[in-house]
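The next block holds one structure in the form of structure tokens; read it before the comments.
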Amino acid sequence: MTAPTVADYKRLNESREVVISRKDLPLHCPTDQTALWCSHPRVFLPIEDSADKTCRCPYCGTLYRLAD
């Protein structure tokens with residue numbers, strides 16, 4: 001087994017998409033459902049200000065989509 005590279009960490013959540021609703025606002029990542037062992041510092045994401053109602057976490061790359 002080889003050690004992970006920086007590229008591996010950058011791809012970690014590139015394809016992960018989470019759909020949220022207005023009841024989940026204000027949006028922060030990691031969410032309360034994220035395991036502590038794989039979390040990063042909490043960052044609030046301004047998804048409601050986004051024109052397409054999406055926002056990507058700058059730490060893990062998770063794409064959040066506001067459904068309603």
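The values are calculated or read from the model by the stated rules, or taken from the named source; none is laboratory data. Just so it is clear, the model here is predicted, and its values are computed rather than measured. Here Cβ is always computed from backbone atoms with ideal geometry, including for glycine, and neighbour counts include all displayed protein chains. To get the accessible areas, we keep the full protein, side chains included, count just its heavy atoms, and leave off ligands, DNA and RNA. Shrake-Rupley method; radii C 1.70, N 1.55, O 1.52, S 1.80 Å.
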Review point. So which residues in region 37-68 are over 11 Å from the mean Cα position of the chain (by Cα) and either exposed (fewer than 10 other Cβ atoms within 10 Å of the Cβ) or in a strand (DSSP E or B) (or both), if there are any at all?
Key: W37, P41, P46, D49, A51, D52, L66, A67, D68
Review point. Hey, among the residues in region 14-31 that are assigned to a loop (DSSP other than H, G, I, E, B) and of a type in the set (A, V, I, L, M, F, W, C), which one's surrounded by the most Cβ atoms within 10 Å (Cβ to Cβ)?
Key: L27
Practice item. Being modelled with pLDDT under 85, open to solvent by less than 80 Å² (accessible area, probe 1.4 Å), of a type in the set (S, T, Y) and not in a helix (DSSP H, G or I) narrows it down to one of T34, T2, so name that one. Key: T34
